[in-house]
1. Per DSSP H run of n ≥ 4, the term is -39500 (n - 2.57); total these for chain A, divide by its residue number, and report the mean residue ellipticity at 222 nm rounded to 500 deg cm²/dmol.
2. So for each of A:126-136, B:162-172 I average, over its residues, the number of other beta carbons within 10 Å; can you give me the resulting order with the highest mean first?
3. Among the aspartates and glutamates, which fall within straight-line cross-link reach of B:Lys51, defined as a Cα-Cα distance under 16 Å, with same-chain neighbours fewer than 8 residues apart omitted?
4. How much length, in nm to one decimal, is gained on full extension between B:Ala332 and B:Asp27, taken as 0.36 nm per residue of separation minus their Cα-Cα distance?
5. Antiparallel DSSP bridges in the protein assembly as shown: what percent, to the nearest 5?
6. Once neighbouring chains are kept in place and the probe is 1.4 Å, which whole percent of the accessible area of chain A is contributed by carbon and sulfur?
7. Can you give me the C-alpha center-to-center distance between segment B:139-157 and segment A:159-214, rounded to a whole angstrom?
8. If segment A:176-328 were replaced by its equivalent ellipsoid, with semi-axes equal to the square roots of 5 times the Cα gyration tensor eigenvalues, what would those be, largest first, whole Å?
Amino acid sequence: MIHTRNLPFVTTLGIFVIAYALCVLQFPNMMSTRVIGNLLTDNAFLGIAAVGMTFVILSGGIDLSIGSVIAFTSVFVAVMVGSLGVHPLVAFAAVLVISTLFGSLMGAMIRYLGIPPFVVTLAGMFLARGAAYLISTESVPISHEMIDAIQGFYFRVPGGGRLTALAILMLLVFIVGAFVAARTRFGANVYAIGGSQQSAELMGVPVGSTTVGIYALSGFLSGLAGIAYTLYTSSGYSLATVGVELDAIAAVVIGGTLLTGGVGLVAGTFIGILIQGLIQTYIVFDGTLSSWWTKIVIGILLFVFIVLQRGIIWYSNRRLAEGRLKEI
Amino acid sequence: MSDTNSLLEARGIGKAFLGITALDSVDFTLERGEIHALLGENGAGKSTLIKILTGVYSRDHGTMHLDGAEVTPSSVAEAQDLGIGTVYQEVNLLENLTVAENLFLGRQPRRFGLIDRREMRRRSKALLERYGLDIDVDALLSSYSVAVRQLVAIARAVDLSGKVLVLDEPTASLDAHEVEMLFAVLRRLRQEGLGIIIITHFLNQVYAVADRVTVLRNGRLVGTRKLAELPRLELISMMLGRELQHITREHQAQEETIASTAEAPIRFSGYGKRGSVAPFDLDIRPGEVVGVAGLLGSGRTETAFLLFGIDRADSGTATVDNQQITLSSPEAAIASGFGFCPEERKTDGIIGDFSVADNIALAVQARQGWAKPISSREKASLAESFIKSLDIRPADANRQMKFLSGGNQQKAILARWLATGPRLLILDEPTRGIDIGAHAEILKMIEKLCADGMSLVVISSELEELTAIAHRVIVLSDRKHIAQLKGDQVTADNIMQAIAAPARTEAA
Ligand SMILES: Nc1ncnc2c1ncn2[C@@H]1O[C@H](COP(=O)(O)OP(=O)(O)OP(=O)(O)O)[C@@H](O)[C@H]1O
Ligand SMILES: [Mg+2]
């Protein structure tokens, strides 16, 4: 039996499979591993960031700073490596420390000053974007043999597809993320806080450190997404990735995670990313459609999913009420 | 330490909320291997004391020793590490998690650093077996009844408590059998040397299980006594600071007049729903109190759901004043002048951020439509009168609901429905969690309302309560209305026998 808890995820999966089948019917080429490989590579940075967002939303919060942190990271890395000649690994490490600290700080403000996550991370969004501008307003190209090596690296899969380093990184992040959510105490605490912060506290969940940890994780993954983005575009640009946090939220919600927190799966977010990638790919294949159709379809899907979630909640509440009666 | 047997010793505990004293220099000693009842009226400070001892609130004054060492737990997690497990009055665990996840939250068994779900499932099953619960531990907690959830919370706390177990009104939603099962576990833990603090408003249970009692009144310590040497009446006057006025069955005389009213204005005939309650007939006359008795699961709550339109009947008719009505929804029921105060009001009915007055006025407002807001003067006078008649404390209509003690919140919810002046009010367990003094007040008030012509259906597990107020008692078993007791037949013994009857025939 399917757990009502996993119903949104199963629905999403079903929609993805049907949509993909329809696309393949129209463009048989979309079945190829080449297309799938590209889809994964193109959405790697978004996927990585969306994993962080999943944890945040599961806990009942929101992180609006993601797009800005990605931009900051890419500019920072590009300037460090491109202009100052620092070794990429050093730059990566430095920027991950910065973004993680930044996230922890936001988490601490949310927890200890009692300011809503929306407000704190909105401020964080402006702050990170401003910091990116401060470093450079130009697009900074980046070139280093190690970066070239990473960019050139891929596994060839049957059918001519390429599993690039970026795609591998994203898949790893999803796998680790799914384990952390489902199989660690930290993950369990995230779900608990998302269910009810007050109850979680009375059950002895360390709400403070968990909250800080959640936003630190989101910061870290935004930094990692920023690195992926830098590798993907071979440059850093402070005006880039505006609104990526919203794409990430969309992927999380389409993936079946409740915006109110406490219910959802990391794997669902992966499907959410795939659905977004599928729409983009379809538009490319079609050739006549404006790329803005991606946004329109995502908008429609979001509506559908939020209505669907409401419906599921309504339905399962009813069933629960009935079930409760039966068993009393 | 003076007493070598003392396990938890609190001295001079003081706490004020926003300048209002909730606890004033309270001493409390829990011994090893004892069950210690903590009693007092609603708002006396029992839950506050518990929360200070278990790290939820910080204390303003006083010291605390556990096993002779001074401790100051600053969070629940810290208290748990010290070996103090607690079920709080308001905690309902986490509905979005499974039963097993709830039981082991924060202390999941791990293998290679990862949560071992299989082991967690196994241990959860074993844990719940001790309470006679054989349920799917992988199902969401929200799919179970309040009673099961309460048992899960207790099982969790017991399992957590190496030294001290604290239960704040743990039996409020349990039936007699489950209470017995819980007490058996408590007695065993006592044998093992645990110290157990239990808060309850059921004095029978206190005498059944506890060794000593500490009574609080208005945030002050009244005293700590051995129960064996404390007569019940003395205990009650310790709690209330006065004698309890006895509830007598004054309505005897009134009964005749009710019976003589020829036609009942509210009538249900052949009313029922398949799989929920077998068709039943029920006539309700003005001023009549109809009690509904039966074990948990006998169909009591289902009957209420049908009467109030939460569930739709699939057979039979309902008539009010000779007009057939369709109870398709609670709105329809409200429009016919019905009111319903559900069992789960503890979690469902309360809007914590609203003031007491707003909470009381809610149903009245809903009834007259949101387009016509109640004036604040009206609201204030409404609140005022109910705060007085139900003795809601503190008597401050503007205080936010969440700052009231559990029992006082319940009184406010009761007030909400009484305020609508319904012609038929359905109460599911109206006095659980309400202290013995207020209990009497509420029963008196119900009698007065009935004298004014309101009809009442009261579902209750407390037979004394039913016999005190009901003119007629319907007994349910296996989702059927199996017996009806009238007038002099309404005694606790008769009800009990009626409930047990089918079980006996089964055994035979
Ligand atoms: N968080 C809070 N903020 C403000 N006042 C509070 C708070 N918690 C409790 N109080 C007040 O402290 C007093 C004691 O409340 P407490 O909950 O300890 O009562 P109680 O003895 O547990 O009552 P009950 O039997 O109704 O549960 C009450 O007057 C209550 O209004
Ligand atoms: Mg209390």
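The values are calculated or read from the model by the stated rules, or taken from the named source; none is laboratory data. Note that this is a predicted model, so its numbers are computed, not measured. Glycine also receives a Cβ, built like all others from the backbone with ideal geometry; neighbour counts cover every protein chain displayed. To get the accessible areas, we keep the full protein, side chains included, count just its heavy atoms, and leave off ligands, DNA and RNA. Shrake-Rupley method; radii C 1.70, N 1.55, O 1.52, S 1.80 Å.
1. Result for chain A: -24500 deg cm²/dmol, rounded to the nearest 500.
2. Descending packing order for the listed peptides: B:162-172, A:126-136.
3. In chain and number order, the partners are A:Glu201, B:Glu9, B:Asp24, B:Asp27, B:Asp60, B:Glu78, B:Asp81, B:Glu90, B:Asp168, B:Glu169.
4. Values: separation 305, 0.36 × 305 = 109.80 nm, distance 5.31 nm.
In short, 104.5 nm is gained.
5. Numbers: 50 of 86 bridges.
Restricted to the protein assembly as shown, the bridges split so that about 60 percent are antiparallel.
6. Values: 10220 of 14250 Å².
Looking at chain A in its full context, I get 72 percent from C and S.
7. For segment B:139-157 versus segment A:159-214, the Cα centre distance is 26 Å.
8. Values: eigenvalues 216, 117, 26 Å².
Each semi-axis is the square root of five times an eigenvalue, giving 33, 24, 11 Å.
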